[in-house]
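Read-outs: derived from the displayed coordinates by stated rules, not from any lab. Predicted model, so just to flag it, every value in this text is computed and none were measured. Don't worry about glycine lacking a Cβ; one is built from the backbone with ideal geometry, like all the others, and counts go over all protein chains shown.
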Amino acid sequence: MRDRVRVVVRGVGRRERRAALAGALWAVAELTVTVGVVLLLLVVHQVWWTNRQALAAAQHQVADLEKEWAATPAPAPSSDPYPPAPAPSVGSAPASPSAAGPAPSGAGSAAPPAPAPPARESAYGVLRIPRLGVVVPIAQGVDKRAVLDKGYAGHYPGTAQPGAEGNFALAGHRNTHGEPFRYVNRLTAGDELIVDVRGRRFTYVVGKTLGQTSERDTGVIAPVPRSTAGPEYGYVEPGAYITLTTCTPEYTSRYRLVVWGTLKS
């Protein structure tokens, strides 16, 4: 009789252990699904929602700038040339190529002097890329949170202002947060890059591109832009340049994609 009771107790113990194991596995499965859903929502927020928010805010900023410009006439240009900008610094000592050679196509002479530099991290201009249908505010600085994540194009501190002799260098997101520079890889020689600053327009013409370079390649935003990683890419003569930089490949920040243009004479 005692042996029979023992058999029954053992059977119940095995069922309880199996039930406990099944419950644990179910809990792990539920946790895995929950984590997966949360991660999916984070991806959707990062890739889709931040784009909508930043794009809408950037468009609103463009409208505000244009309204402000319409209400306040542009000041007359000074007769003095715009003072040259100091050499840029992006992670390491900037390169300043000075090799002599033939003048780059379209470089020409600079336009009348540009406005004084705006306040740090404030939007003060508009970049238009007709080929891509891009209209994006330009802000001073390249801080990720204060400028780029707002969907703006950020002006590298220390580089020239629009229309001035030197290199007017800009950075922008390729993916997420408005992604204004997502398709700049499609730009080809002859495409226009238009910069508006309080009633003044500066038109640059795309001349050269660099599909991939290191984030430490400071030469690409030097006053005479020329890659330090691949010296065959860039220019060798002073002029009025524009540079667009963004991350590549898409959805990574491993390398930089560069587009250069010269001021249209």
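Quick notes on this structure:
- Under the Debye formula (equal points on every Cα, no solvent term), log10 I(q)/I(0) of the stretch 186-231 at q = 0.21 Å⁻¹: -0.84
- Counted by neighbouring Cβ atoms within 10 Å, the residues SER227, SER253 run from fewest to most as SER253, SER227.
- Sequence ranges 199-206, 135-142, ranked by mean other-Cβ count within 10 angstrom, highest first: 135-142, 199-206
- Here the stretch 119-168 was treated as a single set of alpha-carbon atoms; its pair distances binned every 5 Å from 0 give 5, 23, 27, 25, 16, 5 percent.
- Label-point gap, in nm, between ALA24 and THR252 - each point 7 angstrom along Cα→Cβ: 4.0 nm
- The slack in the chain from ARG15 to ASP64, taken as 0.36 nm per residue of separation less the alpha-carbon distance, amounts to 10.6 nm.
- In this rough spin-label picture, where each label sits 7 Å from Cα along the Cβ direction, the ARG145-ARG131 distance is 3.6 nm.
- Take every pair of alpha-carbon atoms less than 8 Å apart whose residues are at least six positions apart; their mean separation over the length of the stretch 189-231 yields a relative contact order of 26 percent.
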